[in-house]
């Protein structure tokens, strides 16, 4: 039997059908929404070519990764993925790499697997990532999980934010994500954690057996191996790309232990201007003091 974990089910779980759920616009947006980055397929191909990363992988992932490597563009890549999903029995796949600071998601990098970006934007905008029991489980248990919408709905109903929970259940239902498999893996020596999910319209997860689990994990690991070097590079570049040259130099001075006055002298500007940019940066990264900002800048690779 495959080593997997299932979300706990309560026998008295209320059925989802017919349950009224608020629309996402009815929810108060939580503070600190992660920055969302949608990976560009052309840049992915260029990165792989320049760095010689299109090498044959090991084990049973060889043929799958070879097909992904041979895809000439995003459209063909999605066609390959969808074809494999159809064979396995799923209809949808998601692949997202989360960048974490003190267990808080600060960025999310999405690979184009054919899922509408609107779903991901609403997922993080409405704070679903903070209450999703599937995401919490793959982060804490470390095993693949099998889930179904009834169990997710029941867990959310008993949680700390049942209103947002009903909205998440309704969103999954609307997108035909009613049962599935999810697993995660950290990228060694980074603060990145990749989560790969498979889902389908079946109301129960009982259909997901050992063979289905094995095939799904083979596909997911092949995609992960095919893209993780690119995501690592993108994560390192993305932080500084969102900052002005002045902000990058101020952060470098902060990390070096300089005072506002010393940073201002180094940059030939005023202490008031340095303080202004530091306030903007503290707000941007949701921290309250200089030490936290310096720590965050280091963890994100900004300095």
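We did not get these values from a lab; they are worked out from the coordinates using the rules stated. Bear in mind that the values here come from a model prediction, so they are computed numbers and not experimental data. Glycine gets a Cβ as well: all are built from the backbone with ideal geometry, and neighbour counts include every protein chain shown.
Some observations on this one:
- Cα Rg, Dmax, the stretch 142-188, angstrom units: 12.3, 37
- Label-to-label distance, nm, for residues given as residue 140 and residue 246 (7 Å Cα→Cβ offset): 4.5
- Whether the stretch 243-299 is rounded, prolate or oblate, judged on the alpha carbon gyration tensor where a/c under 1.5 counts as rounded: prolate
- Ranked 80, 195, 163, criterion: other C-beta atoms within 10 Å, fewest first: 163, 80, 195
- Peptides 92-102, 201-211, 166-176 ordered by packing proxy, namely the average of other Cβ atoms within 10 Å per residue, highest first: 92-102, 166-176, 201-211.
- Calculated FRET value between residue 259 and residue 118, using beta carbons and R₀ = 41 Å, to 0.05: 0.35
- Percent RCO, i.e. relative contact order, over the stretch 243-299, from Cα pairs under 8 Å lying at least 6 residues apart: 34
- Cα gyration tensor shape for the stretch 84-221, rounded if a/c is under 1.5, else prolate or oblate: rounded
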